[in-house]
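First the structure, in the form of structure tokens, and then the observations on it.
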Amino acid sequence: MTTSTVHARSGAIPFTVTLSDDLAHTWLGDEPADRGGANQGPDPTRLLLSSLGACTVITLQMYAARKQWPLTGVEAELQFNPAGKPKSGTDITRRITLRGELSEEQRARLLQIANACPIHNVLVGEVRIDTSLTV
């Protein structure tokens, strides 16, 4: 298993960040125009939500395929602090739509699986960040 690596680099446009990874993918992060950005890509909050959304959809597809269940599509809608910033912590809502002729038992199991996807586990678990400066 390889270590996932992402590089973030600033450029000439204020707040626009070019992101790249060890698999040669490239994408942008930015801030909206009303916060001084160029709105060239999602802001960091939306990037975080997209990671959880992608992981949720992929995990459910993989599980259903392995079980040969008739899941024909998955949608996930995520929101960050939808009721405003709480006094402590962070609230994320995730609404999942499952497509296909699934039984209630299969739907319930897929909800359990969604709550165990790897990024969900990272977000609800303890995260340590080791930060240093390089020259």
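No lab work stands behind these numbers, since they all come straight from the coordinates. Computed from a predicted model, the values in this text were never measured in an experiment. In this analysis, Cβ positions are derived from the backbone assuming ideal geometry, glycine residues included, and neighbour counts consider all displayed protein chains.
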Checklist outcome for this item: Checking ILE92, ILE13, ILE58 in turn, the sole residue that is on the phi < 0 side of the Ramachandran plot, touching a Leu at 6+ places or on another chain (Cβ under 7 Å) and not basic (Lys, Arg) turns out to be ILE92
Checklist outcome for this item: For region 1-40, the count of residues that are charged (D, E, K, R) and either under 20 Å from THR134 (Cα atoms) or in contact with a strand residue (DSSP E or B) (Cβ under 9 Å, 6 or more places away or on another chain) (or both) equals 4
Checklist entry - How many residues does region 18-34 hold that are of a type in the set (A, V, I, L, M, F, W, C) and either surrounded by 10 or more Cβ atoms within 10 Å (Cβ to Cβ) or closer than 18 Å to ARG46 by Cβ (or both)? => result 4
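Applying the selection to region 1-48, what residues are part of a strand (DSSP E or B) and within 19 Å of the chain's Cα centre (by Cα)?
Step one: of region 1-48, the residues part of a strand (DSSP E or B) are 6-10, 17-21, 26-29.
Scanning region 1-48 gives VAL6, HIS7, ALA8, VAL17, THR18, LEU19, SER20, ASP21, THR26, TRP27, LEU28, GLY29.
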Checklist entry - Can you name the residue in region 110-132 that is of a type outside the set (S, T, N, Q), part of a helix (DSSP H, G or I) and out of contact with any helix residue (DSSP H, G or I) (no Cβ under 8 Å at 6 or more places or on another chain) and is also nearest to PHE80 (Cα to Cα) among such residues? => result VAL124
Checklist entry - Which residues, counting only those in region 92-122, are within 16 Å of SER4 (Cβ to Cβ) and exposed (fewer than 15 other Cβ atoms within 10 Å of the Cβ)? => result PRO118, ASN121, VAL122
Checklist entry - When you look at ASN81, is it farther than 30 Å from THR134 by Cα, surrounded by 13 or more Cβ atoms within 10 Å (Cβ to Cβ) and without any contact (Cβ under 8 Å) to a residue 12 or more places away in the chain, yes or no? => result yes
Checklist entry - Would it be correct to say that LEU98 is in contact with a Lys or Arg (Cβ under 8 Å, 6 or more places away or on another chain), more than 16 Å from PRO118 (Cα to Cα) and part of a loop (DSSP other than H, G, I, E, B)? => result no
